[in-house]
Amino acid sequence: MKGVLLKDLYIAKSNILVTLVCLIVLGFGLSFLLEGSAILVLAPVASTTAVFISITSDAGSKWNKNVVVMPVSREQIIREKFVFYVLLAAAGFVTALIPCIILMLAGAGVTFSSLCLYGSIGMSATLLAGGISLPCAYLFDPEKSQIVFMMSFMASTGIIAGIVLFINLFLPVKEHILPAFNIVLVISVIWFLISCRIAAAVYQKRDIA
């Protein structure tokens, strides 16, 4: 799996670098308009686009057909995309933390609790969307996959809203907003792991090229 990860990193390295630099610049720029830590909602989502670049590249080069002669199973190919997705989301999150921490130390209104809250929301939306879009990326052609990718993030916001409303039945969200969104994050992680296992099991038995 390490070799497949390195292949994807090589293909998408320029996109990844541009995205990470933009996140740092945007983090400082947002501080003049909004609370600086709000960038943590966008950062994980924006940084995962390279995964779909790699999937599109694989489809265009017929790499998935050629790889069957190599010691890499279809299950490993699918799992690698999920791992790659998480690594990119984490890289985007950590990168966005740089301007946020600088702003917090400079007394620009960024607090530790706001970092936790916006970070939890951003990672929850990213994992929920990834659990939807990654399996679908192999069901459709590259153009349709891009549409599914965008729609999955819109769907994730609705899912988060629904989960929060459900939690509010048992726990007043306004008084416990951070614990509530931490519960959402845990649910998102579980959903992402389940999606990975299901996708790996299904695509192990079918053509993913």
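The values are calculated or read from the model by the stated rules, or taken from the named source; none is laboratory data. The structure displayed is predicted, hence computed values, not measured ones. Cβ placement follows ideal geometry from the backbone for every residue including glycine, while neighbour counts extend to all protein chains displayed. Quick note on the areas: whole protein, heavy atoms, side chains included, nothing else; ligands and nucleic acids left out. Shrake-Rupley method; radii C 1.70, N 1.55, O 1.52, S 1.80 Å.
Among the protein heavy atoms, those of Tyr118 account for about 60 Å² of accessible surface (1.4 Å probe, every chain in place).
A simple spin-label model places pseudo-atoms 7 Å from Cα toward Cβ; at Asn168 and Met154 they are separated by 2.3 nm. Listed values for region 152-164 are Karplus-derived 3J(HN,Hα) couplings in whole Hz (6.51 cos²θ - 1.76 cosθ + 1.60, θ = phi - 60°), namely 5, 6, 5, 5, 5, 5, x, 5, 4, 4, x, 5, 4, and x replaces Gly and Pro.
Inter-label distance, Asn182 to Thr49: 3.3 nm, where each label sits 7 Å from its Cα along the C-beta direction. Computed on protein heavy atoms with a 1.4 Å probe, the accessible areas place Met104, Met151 in the order Met151, Met104, largest first. Over region 151-200, the Kirkwood radius and the radius of gyration, each from Cα atoms, give a ratio Rg/Rh of 1.05.
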